[in-house]
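The values are calculated or read from the model by the stated rules, or taken from the named source; none is laboratory data. Everything numeric here is computed off the predicted structure, so don't read it as measured data. We place every Cβ from the backbone using ideal geometry, glycine too, and count neighbours over all the protein chains shown. Please note that ligands, DNA and RNA were not included when accessible areas were found on the heavy atoms of the full protein model with its side chains. Shrake-Rupley method; radii C 1.70, N 1.55, O 1.52, S 1.80 Å.
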Amino acid sequence: MLDYAAKGASRSLLNSIDEMAAKADKLAEGETVVEMEPDLIDASFIRDRRTDDENEFNELLSAIRDNGQSSPILVRPHPKAMGRYMVVFGHRRLRVAQALDRKVRAIVKEMHDRDHVVALGQENSARANVPFIERALFAAELARLHYDDDNATIMSALSVDRTTLSKMLSVANLPAKVLDAVGQAKGIGRDRWYELKLLLDNPANHARADEILREVAMLDMSVDHRFELLVRRLKTAPVRKRPQSDTEKKSWASSDSSLTADMAVQGKRFTLALKAKSSDARAFGEYLSENLDRLYEAFRQDLGSQEDGG
């Protein structure tokens with residue numbers, strides 16, 4: 001038997017092999033926190049958030065850069081790619097590790113898709129700052145995966161009862177334009193979102209919502225204020241505008257121009273305004289008023305004779 005000491009490059013190679021073997025043992029245990037290269041980890045097949053808050057991400061990046069990553073992420077061996085992993089929760093911590101070019105601390109566990117979504121949902125529910133609408137949209141994504149017929153998986157993942165889940169799913173079905181315009185609305189809770197849903201159950205309010213959200217003033221508001229204004233406006237009965245018909249205008253003047261008349265015809269309405277430098281306008285107006293019966297009768301007789309002659 002040969003007995004020799006590993007030196008130089010040989011020792012380095014053996015150390016690397018020992019290190020890889022030790023890490024493999026840790027991964028197999030599934031409970032030990034290990035350090036992994038972020039490039040080996042792919043995104044989850046389902047996300048709990050539509051978008052990331054960049055301010056929150058930057059705060060997390062600063063905290064991890066200064067103090068390290070205190071809380072590990074959870075990953076699973078990738079179900080379709082040998083040698084790769086899929087993040088279950090901790091997407092932002094993974095992004096931070098990528099941005100800082102550091103390894104990410106992670107727990108690796110074997111799990112099926114159903115266990116994956118339950119773990120993601122429960123981790124999400126444990127955080128107080130997740131907007132209701134994000135949880136509702138996550139619930140809708142789980143419903144589309146149809147893990148069971150009674151939504152037990154979704155209720156377990158989100159720690160909600162059947163009534164709350166029903167409201168979540170109905171809110172998640174709001175028009176995409178409304179959801180995109182209002183955004184996360186972090187300060188808006190379940191009841192307010194459900195109130196908006198009930199308002200938009202009226203199809204006539206869909207066009208009104210689009211019109212309200214297109215207004216320039218809405219662009220300068222926070223998403224919470226935008227939400228509140230939308231609900232307030234939808235709860236207010238729309239002002240019915242009378243159709244504007246074309247107005248026909250005419251004028252008349254006496255031969256000496258001492259008296260003028262402005263006439264306006266709009267639909268079935270005829271308006272006459274008299275004007276004079278002297279008191280003639282008032283006097284002639286009173287004369288017309290006092291003789292309206294006689295003038296109208298003469299008009300009817302003249303109209304009748306025209307029809308008979310025609």
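Yes or no, residue by residue, for (1) buried (at least 20 other Cβ atoms within 10 Å of the Cβ); (2) at pLDDT below 90; (3) at positive phi:
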residue: 79; (1), (2), (3): no, no, no
residue: 94; (1), (2), (3): yes, no, no
residue: 127; (1), (2), (3): no, yes, no
residue: 143; (1), (2), (3): no, no, no
residue: 169; (1), (2), (3): no, no, no
residue: 187; (1), (2), (3): no, yes, no
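Name the single residue, out of those in region 217-251 being modelled with pLDDT of 85 or more and hydroxyl-bearing (Ser, Thr, Tyr), that is surrounded by the most Cβ atoms within 10 Å (Cβ to Cβ).
Keep residues of region 217-251 that are modelled with pLDDT of 85 or more, which gives 224-236, 248-251.
Now narrow it down to the ones that are hydroxyl-bearing (Ser, Thr, Tyr): 236, 251.
On the way: 236: 9, 251: 11.
Only one residue tops the list, namely 251.
Results for (1) within 14 Å of residue 69 (Cβ to Cβ); (2) of a type in the set (A, V, I, L, M), shown as yes or no for each residue.
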site	(1), (2)
94	yes, yes
97	yes, yes
104	yes, yes
107	yes, yes
110	no, no
122	no, no
130	no, yes
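Answer yes or no as to whether residue 155 is surrounded by 14 or more Cβ atoms within 10 Å (Cβ to Cβ), in contact with a strand residue (DSSP E or B) (Cβ under 8 Å, 6 or more places away or on another chain) and of a type in the set (A, V, I, L, M, F, W, C). Against the criterion (surrounded by 14 or more Cβ atoms within 10 Å (Cβ to Cβ), in contact with a strand residue (DSSP E or B) (Cβ under 8 Å, 6 or more places away or on another chain) and of a type in the set (A, V, I, L, M, F, W, C)), residue 155 does not qualify. Scan region 108-117 and tell me whether some residue there is within 25 Å of the chain's Cα centre (by Cα) and either at pLDDT below 90 or surrounded by 17 or more Cβ atoms within 10 Å (Cβ to Cβ) (or both). Yes, that holds for at least one residue. Within region 72-102, restricting attention to residues that are in a loop (DSSP other than H, G, I, E, B) and charged (D, E, K, R), the residue that is farthest from residue 115 (Cα to Cα) is 101.
Can you find a residue that is open to solvent by 40 Å² or more (accessible area, probe 1.4 Å), modelled with pLDDT of 95 or more and assigned to a loop (DSSP other than H, G, I, E, B) anywhere in region 30-38? The answer is yes, given that some residue of region 30-38 is open to solvent by 40 Å² or more (accessible area, probe 1.4 Å), modelled with pLDDT of 95 or more and assigned to a loop (DSSP other than H, G, I, E, B). In region 98-119, the residues that are touching a residue at least 24 places away in the same chain (Cβ under 8 Å) and farther than 12 Å from residue 33 by Cβ form Cβ pairs under 7 Å with partners that are charged (D, E, K, R) and open to solvent by 20 Å² or more (accessible area, probe 1.4 Å), at six or more places apart or across chains, as follows: 100/65. Taken over region 189-216, the criterion of being touching a residue at least 12 places away in the same chain (Cβ under 8 Å), open to solvent by 30 Å² or more (accessible area, probe 1.4 Å) and among the hydrophobic types (A, V, I, L, M, F, W, C) is satisfied by 199 alone. Close Cβ contacts (under 6 Å, 6 or more residues apart or on different chains) running from residues in region 124-150 that are over 15 Å from residue 184 (Cβ atoms) to residues that are part of a helix (DSSP H, G or I) and open to solvent by 70 Å² or more (accessible area, probe 1.4 Å) comprise 147/114.
Among the listed residues 145, 213, which satisfies the condition of being within 13 Å of the chain's Cα centre (by Cα) and among the aliphatic types (A, V, I, L, M)?
Details: 145 fails: within 13 Å of the chain's Cα centre (by Cα).
Going through 145, 213 in turn, the sole match is 213.
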